[in-house]
Amino acid sequence: MSVHPIVVYGEPVLHVKAEKVTEFDDELKQLVADMYETLDKSNGVGLAAPQIGVGKQIFVYDADDEAARVRRKGVFINPILVASKVPDGRPDPDEESEGCLSVPGLDFPLKRAHKVTITGVDENNETVSLTVEGWFARIMQHEFDHLQGLLYVDRLDKKWAKRWKRAQKAEGFNIPGNTWLPGVDPDPFGY
């Protein structure tokens, strides 16, 4: 296994829809193993293939599911996500903030659906499915968005989008070629 650099907002692969996986071979299994290793070193809860520069519909996760009171670790390949309605109103900065490994060091509040069902396959082409709520549903939506060419900052409401645009300019998060290497570079979130 090896740790891959994480690409930062502005890298083209993050802003286009990822391609479906069609070959389930040893190369795919190695990529998934590398993604787990990269996620572990990053101290994150999810990692999508585009975040390591690979435009494929794959994401891994490893996080506590507080609603179900279990730890979940797994992979979704070629997923389909069905979400409940996103609640109306402004996002609560204390309860609904998100961060992203590809937007290092920043977090902004965002409304998300409370419940989702996500179905796909794993690296062995076996069907996997989850119905989750709360924080874990947020993780699934966040990672699924990466496969659609969206980052959470692309979904911010007007108030928070203005703050993001200022931070984006200040941090240079609009220029391709920026990366950070988990386990080597300083953790941008301070973990």
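Data for the structure
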| item | result |
| --- | --- |
| Accessible surface, the range 24-126, averaged per residue in Å² (probe 1.4 Å) | 47 Å² |
| Protein accessible area in the range 42-88, 1.4 Å probe - carbon and sulfur % | 50 percent |
| Using a Förster distance of 25 Å, the FRET efficiency for residue 187-residue 1 (Cβ separation, nearest 0.05) | 0.80 |
| The range 122-191: Rg to Rh, with Rh as the Kirkwood radius over Cα pairs | 1.04 |
| Bins of 5 Å, starting at 0 and running to the largest distance - Cα pair percent for the range 1-98 | 2, 11, 18, 21, 20, 15, 8, 3, 1, 0 |
| Among the listed pairs 85/111; 111/159; 41/73; 73/115; 115/158, those beyond 20 Å (Cα-Cα) | 115/158 |
| Global geometry of the range 107-160, whether rounded, prolate or oblate, following the gyration tensor of its Cα atoms and the 1.5 cut on a/c | oblate |
| For residue 56, distant residues with modelled amide H under 5 Å away | 19 |
| 4 °C / 1.567 mPa s Stokes-Einstein diffusion coefficient of the range 67-166, Kirkwood radius on C-alpha pairs, µm²/s | 89 µm²/s |
| Cα centroid separation, the range 1-58 to the range 59-81 (Å) | 15 Å |
| Mean Cβ neighbour count within 10 Å, used as a protection proxy, ranking 172-179, 13-20 highest first | 13-20, 172-179 |
| Estimated distance in nm for a label pair at residue 67 and residue 126, the labels positioned 7 Å out from Cα along Cα-to-Cβ | 2.5 nm |
| Peptides ranked, highest mean first, by Cβ atoms within 10 Å: ranges 48-61, 103-116, 141-154 | 48-61, 141-154, 103-116 |
| List 119, 131, 38, ordered by accessible area with a 1.4 Å probe, largest first | 131, 119, 38 |
| Residues listed by number, the range 113-137, amide nitrogen under 14 Å from residue 85 label point at 7 Å toward C-beta | 113-115 |
| Shape category assigned to the chain from the gyration tensor of Cα positions, a/c cut at 1.5 | oblate |
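The values are calculated or read from the model by the stated rules, or taken from the named source; none is laboratory data. Computed from a prediction, not measured in an experiment: that's the story for all the values here. Glycine gets a Cβ as well: all are built from the backbone with ideal geometry, and neighbour counts include every protein chain shown. SASA here: full protein model, heavy atoms, side chains in, ligands and nucleic acids out. Shrake-Rupley method; radii C 1.70, N 1.55, O 1.52, S 1.80 Å.
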